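Asker: Quick one: the structure is below, and I'll ask about it shortly.
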Amino acid sequence: PSHCNLFELIDVRMGLYIQRLLDCDAVEARRVQKDYFINHGTTLSGLMASHDITPEEFLDFVHDITFDRLDPNPALAKSLAALPGRKLIFTNGDATYAGRVLDALGLGVSFEAIHDIRACGYVPKPHPDSYASLCAALNITPHRALFTEDMARNLKPAKAIGMTTLWINNGSEHGTAEACASFIDYETDCASAWFAKLTGNLTT
């Protein structure tokens with residue numbers, strides 16, 4: 001949930017990593033971080049392209065955070081369990097971090113698999129190659145899939161290959177960038193409420 005602002009903690013860790021790497025102050029580190037995020041899809045991709053860093057070191061460092069901001073979400077777990085079909089995670093983070101987030105939310109058993117940045121060969125969303133990697137690795141038929149995201153720009157490639165799209169417009173940083181109705185089929189500010197309504201309709 002956006003009110004938890006978990007990314008705030010990662011943001012701080014990214015800034016510290018860049019300050020150490022480039023021997024710069026916090027202001028310059030933030031400028032570099034956001035520039036890479038906007039222009040490369042992730043800060044990691046920008047750092048790899050411009051500074052040839054080791055991705056594992058970066059991922060381990062920035063994801064070394066606590067999860068006490070998160071609470072279990074049994075309602076969402078119930079809705080996900082009621083949905084037919086497979087449930088999968090596709091993330092620009094790594095599987096270890098994603099698994100820890102899911103466990104903190106009580107959703108650890110809700111998903112079949114996690115396709116992370118390593119599985120994509122460190123090519124992040126929204127690059128089309130990462131979506132091709134996802135579909136090939138997990139045998140996904142795009143026109144039968146619902147793709148859910150809090151960053152609007154990451155929905156465009158999903159729509160382009162035939163997926164139905166759901167935008168969780170929850171106020172996440174840069175979440176509204178490039179938003180366009182042409183590739184957003186559904187929109188909500190609360191994933192739990194949307195899936196509860198969907199599964200309720202499926203059983204009535």
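Asker: Given a 1.4 Å probe and every protein chain left where it sits, what share in percent of the accessible area of segment 23-142 is carbon and sulfur?
Answerer: With neighbouring chains kept in place, the figure for segment 23-142 is 54 percent.
Asker: Express in Å², to the nearest 10, the accessible area of V32 obtained by rolling a 1.4 Å probe over the protein heavy atoms while all chains stay in place.
Answerer: 10 Å²
Asker: In straight Cα distance, which aspartates and glutamates are under 12 Å from K34, not counting same-chain residues fewer than 8 positions off?
Answerer: D11, E173
Asker: Restricting things to Cα coordinates, could you compute the convex hull volume per residue of segment 36-111 in Å³?
Answerer: 112 Å³
Asker: Let me ask something additional. Long-range amide H contacts for I53: which residues qualify at under 5 Å (H placed 1.01 Å from N, peptide plane, sequence gap of 5 or more or a different chain)?
Answerer: When sequence neighbours closer than 5 places are left aside, the close amide H contacts are M48.
Asker: Give, rounded to the nearest 20 debye, the magnitude of the charge dipole that segment 80-181 has about its Cα centre when Lys and Arg contribute +1 at Cβ and Asp and Glu contribute -1 at Cβ.
Answerer: 260 debye
Asker: From the Cα gyration tensor of segment 1-74, with a ≥ b ≥ c the square roots of its eigenvalues, which class applies: rounded if a/c is under 1.5, or else prolate if a/b is larger than b/c, or else oblate?
Answerer: It is prolate, given that a/c is not under 1.5 and a/b is the larger ratio.
Asker: If you don't mind, another one. What's the ranking of 2-9, 70-77, 131-138, 155-162 by average number of surrounding C-beta atoms within 10 Å, highest first?
Answerer: Highest mean packing first, the order is 155-162, 131-138, 70-77, 2-9.
Asker: What are the ³J(HN,Hα) values, in whole Hz, obtained from phi via the Karplus relation 6.51 cos²θ - 1.76 cosθ + 1.60 with θ = phi - 60°, for each residue of segment 169-174 in sequence order, with x given for Gly and Pro?
Answerer: Per residue, the Karplus-derived 3J(HN,Hα) values read 7, 10, x, 5, 4, 6 Hz.
Asker: For E173 and A196, FRET efficiency with R0 = 30 Å and r from the beta-carbon atoms, rounded to 0.05?
Answerer: Result of the calculation: an efficiency of 0.70.
Asker: Cut-off 10 angstrom, C-alpha nodes, Gaussian network model of the chain. Which of M151, M163, M48 fluctuates the most?
Answerer: The residue that fluctuates most here is M48.
Asker: Can you give me the long-range amide H partners of A145? Hydrogens built in the peptide plane at 1.01 Å from N, cutoff under 5 Å, separation of 5 or more residues or another chain.
Answerer: Correct list: T164.
Asker: When the Karplus curve 6.51 cos²θ - 1.76 cosθ + 1.60 is applied with θ = phi - 60°, which whole-Hz ³J(HN,Hα) does each residue of segment 148-162 get, with x for Gly and Pro?
Answerer: 10, 8, 9, 10, 4, 4, 6, 7, 4, x, 5, 5, 4, 9, x
Asker: Going Cα to Cα from K197, which lysines come in below 27 Å? Please leave out same-chain ones fewer than 8 positions away.
Answerer: Partners within reach: K78, K87, K156, K159.
Asker: GNM, the chain, Cα, under 10 Å: largest mean-square fluctuation among N154, N170, N139?
Answerer: Its mean-square fluctuation being the largest, the pick is N139.
Asker: Let me ask another. Putting +1 on Lys and Arg Cβ atoms and -1 on Asp and Glu Cβ atoms, find which of T188, T141, L198 reaches farthest to the positive end of the dipole of segment 124-204.
Answerer: T141
The values are calculated or read from the model by the stated rules, or taken from the named source; none is laboratory data. This one's a predicted model, so the numbers in the text were calculated from it and none came from an experiment. Please note: Cβ atoms are built from the backbone with ideal geometry, for glycine as well, and neighbour counts cover all protein chains shown. Side chains are part of the model used for accessible areas, which takes the heavy atoms of the whole protein and leaves out ligands, DNA and RNA. Shrake-Rupley method; radii C 1.70, N 1.55, O 1.52, S 1.80 Å.
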